[in-house]
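Right, one structure below, let's go through it.
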Amino acid sequence: MAPAIECRNLRKTYDGKLEAVSGLSLEIQPGECFGLLGPNGAGKTTTIEILEGLLAPTAGEVKILGHTWQDNPRELRERLGISLQETRLSEKLSVRETIELFASFYCQPRSASEVMEQMQLTEKADAWVGKLSGGQRQRLAVATALVGNPKILFLDEPTTGLDPQSRRQLWEIVRHFQQSGGTVLLTTHYMDEAERLCNRLAIVDHGVIIAEGTPADLIDRLGGHHVVEFSVTGNGNGQGVETWRTLPGVESVRDEDGLFSLNVREPHRTIPALLEVVDQQKAALLHLTTRQASLEDVFVNLTGRHLREG
Amino acid sequence: MTVAQQAPPAEIEEPTSAPALRNGRWAGYWHVLLARMRELQREPEVVFWVFGFPILLALGLGIAFRNKPADLTNIAIIDSAGAQDALAGIEHSPGQAKIHAQVLDSATALKGLRLGKFDMVVEPDGKAGFRYHYDPARPESVLSHAEVDDVLQAAAGRKDPVPTTSIANSEPGSRYIDFLIPGLLGMNLMNSGMWGIGFALVDMRQRKLLKRFVATPMRRGDFLMALASSRLVLMFIEVALLLGFGVLFFHMRVLGSYLSILFLGAVGAVAFGGIGLLTASRAQKIESVSGLINLVMMPMWIFSGVFFSYERFPAVVIPFIKALPLTALNDALRATILEGASLASQSGQLLVLILWGGISFVLAVRWFRWT
């Protein structure tokens, strides 16, 4: 079976100068939920729009369900559901009218009522789009993508700007689509979203993939599954990163303006040793937390920057 | 060589749930048209600008320039010997209703002329003749000069060598409102074609709605056709409203066939739709397309004979004016509505419209940006 989505050495330059995507390759299997994770401006949207056939790549090849975009674009579009990063649907049409409009473009669409039911929009069926909340609009955007009964769902930052409850509702919808056999490609700059939803993901920065794998894999590569964060008075008396690096079980250390974070394998061995050092230096702990390592840590480790910093 | 050349392309797999519907070839076209009509109908401003405004304009201008009796000529006669004879001559003349004369002293009369209170001043020269003071730069003064001279000569016993009769002609068909309504119709078709297509498309592009549409299997040609069709439906209503208003309110007479008028309206609406499409083919922001649309329409508002005849412009520019699409549409509408001209006699105008619309459409389709 051909991969659902496949691209090789994708490049995109705007106006011959700015290289938004510089040599990106991906292979996504049917039934997978794949995430493109990265800060704003990393090239996620450019990549997904090239895969969606909405932008022509400067170089590289794309295959969707085994077909290129030159083969028969309309035939291919019948099998894709797309939600763009930001589409302002017509405000003066009702939810039902909007879904029916999109349904009319497909040969064999699902019924609008069924999609509204699934997206929890039935109550709002006759409300104008202009009157919907952010979460409802986003669900409507996904509804217009699902009404064509797609094999692949492309979601570009589906939950950006949504409240936590709306985000969870959308996650449920994506999971449901995947469970019924669909393939999902989504972009996000939320780590928790990628960790919860995606089977595999690629971290994108400056138009290239800097790491790829399952969320657990990527976290494994940090060395430690746990993060110990602390700060001490006097910044450890000029004690550099090296002091902390030698503590038992520490895989890596980062110093962010006096807040140290250690990736550790076994916090129960590292923390007593850490306290001892602090004590010897006659310093005092200002802050100490431990937590599970997240994709955010992976990203910071790879780039030295936080995701939101862009 | 790619991997897929060895492996057969993925088969179209069975849908995960049985499709509830099967759409026909034209489902997309009808739904876009329906959505467009719904949106327009739900936008009160659009309803006003497309339908209400032209009627208000016709009403306002029709009343302002309604046919009044010709203006009275106001003259003064300088008080001297012979002044009373002149006054009597004017008051007893058959046309005296149009001339209002009064006898005043020389200084007051000449001051009144300077200030425009009097159109002319008659000064008896004391030898049974008159001197006329008038301003050759003021049309009403020149008119007054001719009229008063005529009356005074007749009163003095002039015999006209040829008997003449004048017939007042202010029947429906030759009034300003009759000239105006076809012009407003043409202007309205231009306005709503340009805005209805040009503005609407850029608005959809700016909202990324066009991009969202082309991300579906929507047929792009059908989409543009549906937009054009929505213009035709509106055109039908616009023509019916404005003509109906002229007929009912101003007792306008429509001499041409309604079918010809609708045909001209359709050609005009589609031609301006094509020009609107061209203006909208690249613009990313509604601000920039608004400027472009106004730039395109402005010369036609002025030159194409909406409110007054373009024959008033110098003869050298008239061929250029006649090449403008709105001039062609207005001329054809006037000839058809007011004179009952046949479509065949308007083939020149139709050709101008078709060329403008056709060339714009071809260029627009070549340049059009969906994203």
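Search region A:203-220 for residues being crowded, with 19+ Cβ neighbours inside 10 Å and either among the hydroxyl-bearing types (Ser, Thr, Tyr) or farther than 23 Å from A:Ala20 by Cβ (or both), and hand back the single one that is modelled with the lowest pLDDT. Ranking the qualifying residues of region A:203-220, first place goes to A:Ile219. When you scan region B:122-130, do you find a residue that is at pLDDT 90 or above and aliphatic (A, V, I, L, M), even just one? Scanning region B:122-130, I find at least one residue that is at pLDDT 90 or above and aliphatic (A, V, I, L, M), so the answer is yes.
Please work out if A:Glu19 is acidic (Asp, Glu), touching a residue at least 40 places away in the same chain (Cβ under 8 Å) and more than 25 Å from B:Pro217 (Cα to Cα). Judged against the criteria, A:Glu19 is a match. I'd like the full set of residues that are farther than 14 Å from B:Leu227 by Cβ and more than 22 Å from the chain's Cα centre (by Cα), limited to region B:253-288. Matches in region B:253-288: B:Arg282, B:Ala283, B:Gln284, B:Lys285, B:Ile286, B:Glu287, B:Ser288. Of the residues making up region A:27-35, not a single one is more than 9 Å from chain B (Cβ to nearest Cβ), more than 15 Å from A:Leu186 (Cβ to Cβ) and aromatic (Phe, Trp, Tyr).
Every residue, every condition in (1) surrounded by fewer than 20 Cβ atoms within 10 Å (Cβ to Cβ); (2) assigned to a helix (DSSP H, G or I); (3) at pLDDT 90 or above, yes or no:
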{"position": "B:Arg212", "(1), (2), (3)": "no, yes, yes"}
{"position": "B:Pro217", "(1), (2), (3)": "yes, no, yes"}
{"position": "B:Gly221", "(1), (2), (3)": "yes, yes, no"}
{"position": "B:Ser229", "(1), (2), (3)": "yes, yes, yes"}
{"position": "B:Leu232", "(1), (2), (3)": "yes, yes, yes"}
{"position": "B:Glu238", "(1), (2), (3)": "no, yes, no"}
{"position": "B:Phe249", "(1), (2), (3)": "yes, yes, no"}
{"position": "B:Arg253", "(1), (2), (3)": "yes, no, no"}
{"position": "B:Leu259", "(1), (2), (3)": "yes, yes, yes"}
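Taking the criterion of being part of a helix (DSSP H, G or I), facing another protein chain (nearest Cβ under 10 Å), crowded, with 23+ Cβ neighbours inside 10 Å and at negative phi, would at least one residue in region A:142-162 satisfy it? For region A:142-162, residues part of a helix (DSSP H, G or I), facing another protein chain (nearest Cβ under 10 Å), crowded, with 23+ Cβ neighbours inside 10 Å and at negative phi: present.
Quick check on region A:89-99. Is at least one of its residues assigned by TED's automatic domain parsing to the domain that holds A:Thr159 and under 25 Å from the mean Cα position of the chain (by Cα)?
Yes, region A:89-99 contains a residue that is assigned by TED's automatic domain parsing to the domain that holds A:Thr159 and under 25 Å from the mean Cα position of the chain (by Cα).
All conditions but one from (1) within 13 Å of chain B (Cβ to nearest Cβ); (2) surrounded by 15 or more Cβ atoms within 10 Å (Cβ to Cβ); (3) of a type in the set (Gly, Ala, Ser); (4) closer than 24 Å to A:Ile48 by Cβ apply to A:Ser166; the one that does not is (1).
Residues in region A:175-202 that are touching a helix residue (DSSP H, G or I) at 6+ places or on another chain (Cβ under 6 Å) and assigned to a strand (DSSP E or B): A:Val184, A:Thr187, A:Thr188, A:Leu201.
Here the condition is being within 12 Å of another protein chain (Cβ to nearest Cβ), touching a Phe, Trp or Tyr at 6+ places or on another chain (Cβ under 8 Å) and among the small types (Gly, Ala, Ser); of A:Gly81, A:Gly66, it holds for A:Gly81 alone.
Name the strands (runs of 3 or more DSSP E) wholly within region A:205-285 that hold at least 3 residues that are of a type in the set (Phe, Trp, Tyr) and outside the structural domain of A:Leu26 (by TED's automatic domain parsing)?
The strands (runs of 3 or more DSSP E) meeting that bar number zero.
Considering (1) free of Cβ contacts under 8 Å to residues at least 12 places away in the same chain; (2) in a strand (DSSP E or B); (3) not polar (S, T, N, Q), say which one A:Asp71 fails and leave the rest. If we test A:Asp71 against (1) free of Cβ contacts under 8 Å to residues at least 12 places away in the same chain; (2) in a strand (DSSP E or B); (3) not polar (S, T, N, Q), just (2) comes out false. Kindly indicate whether B:Val202 is surrounded by 17 or more Cβ atoms within 10 Å (Cβ to Cβ) and within 14 Å of another protein chain (Cβ to nearest Cβ). For B:Val202, the condition - surrounded by 17 or more Cβ atoms within 10 Å (Cβ to Cβ) and within 14 Å of another protein chain (Cβ to nearest Cβ) - is met. Can you spot a residue in region B:26-40 that is modelled with pLDDT under 85, surrounded by 11 or more Cβ atoms within 10 Å (Cβ to Cβ) and either over 23 Å from A:Ser113 (Cβ atoms) or facing chain A (nearest Cβ under 7 Å) (or both)? No, there is no match, as no residue in region B:26-40 is modelled with pLDDT under 85, surrounded by 11 or more Cβ atoms within 10 Å (Cβ to Cβ) and either over 23 Å from A:Ser113 (Cβ atoms) or facing chain A (nearest Cβ under 7 Å) (or both). Taking the criterion of being charged (D, E, K, R), under 15 Å from B:Ala101 (Cβ atoms) and surrounded by 15 or more Cβ atoms within 10 Å (Cβ to Cβ), the residues of region B:112-139 that qualify are B:Asp119, B:Glu123. Screening A:Ala127 on (1) over 19 Å from B:Arg205 (Cβ atoms); (2) at the interface with chain B (Cβ under 7 Å from one of its Cβ atoms) shows it passes everything except condition (2).
The selection criterion, being among the hydrophobic types (A, V, I, L, M, F, W, C), at the interface with chain A (Cβ under 10 Å from one of its Cβ atoms) and touching a residue at least 24 places away in the same chain (Cβ under 8 Å), does not hold for B:Val233. Go through B:Ala107, B:Ala146 for me and flag whichever is assigned to a helix (DSSP H, G or I), of a type in the set (Gly, Ala, Ser) and loosely packed, with under 10 Cβ neighbours inside 10 Å. B:Ala107 is the lone residue from the list that is assigned to a helix (DSSP H, G or I), of a type in the set (Gly, Ala, Ser) and loosely packed, with under 10 Cβ neighbours inside 10 Å. If you take the residues of region A:90-120 that are buried (at least 22 other Cβ atoms within 10 Å of the Cβ) and assigned to a loop (DSSP other than H, G, I, E, B), which of them is farthest from the other protein chains (Cβ to nearest Cβ)? Filtering region A:90-120 for residues that are buried (at least 22 other Cβ atoms within 10 Å of the Cβ) and assigned to a loop (DSSP other than H, G, I, E, B), the one farthest from the other protein chains (Cβ to nearest Cβ) comes out as A:Met119. From the residues in region B:309-334 that are in a loop (DSSP other than H, G, I, E, B) and free of Cβ contacts under 8 Å to residues at least 24 places away in the same chain, which one is farthest from B:Ile261 (Cα to Cα)? It comes out as B:Pro314. Of the residues that make up region A:288-310, is at least one without any contact (Cβ under 8 Å) to a residue 60 or more places away in the chain and in a strand (DSSP E or B)? No, every residue in region A:288-310 fails to be without any contact (Cβ under 8 Å) to a residue 60 or more places away in the chain and in a strand (DSSP E or B). Can you find a residue in region B:176-193 that is part of a loop (DSSP other than H, G, I, E, B) and over 25 Å from B:Ser360 (Cβ atoms)? So far as region B:176-193 goes, no, none of its residues is part of a loop (DSSP other than H, G, I, E, B) and over 25 Å from B:Ser360 (Cβ atoms). Tallying residues that are of a type in the set (A, V, I, L, M, F, W, C) and at pLDDT below 90 within region A:178-202 yields 2. Going through (1) in contact with a helix residue (DSSP H, G or I) (Cβ under 6 Å, 6 or more places away or on another chain); (2) not in a loop (DSSP other than H, G, I, E, B); (3) not basic (Lys, Arg) one by one, A:Pro57 falls short only on (2).
No other residue among A:His189, A:His206, A:His226 is more than 30 Å from A:Val115 (Cα to Cα) and either of a type in the set (A, V, I, L, M) or in contact with a Lys or Arg (Cβ under 9 Å, 6 or more places away or on another chain) (or both) apart from A:His226.
The values are calculated or read from the model by the stated rules, or taken from the named source; none is laboratory data. This one's a predicted model, so the numbers in the text were calculated from it and none came from an experiment. Neighbour counts are summed over all protein chains in view; Cβ atoms, including those assigned to glycine, are modelled from backbone coordinates with ideal geometry.
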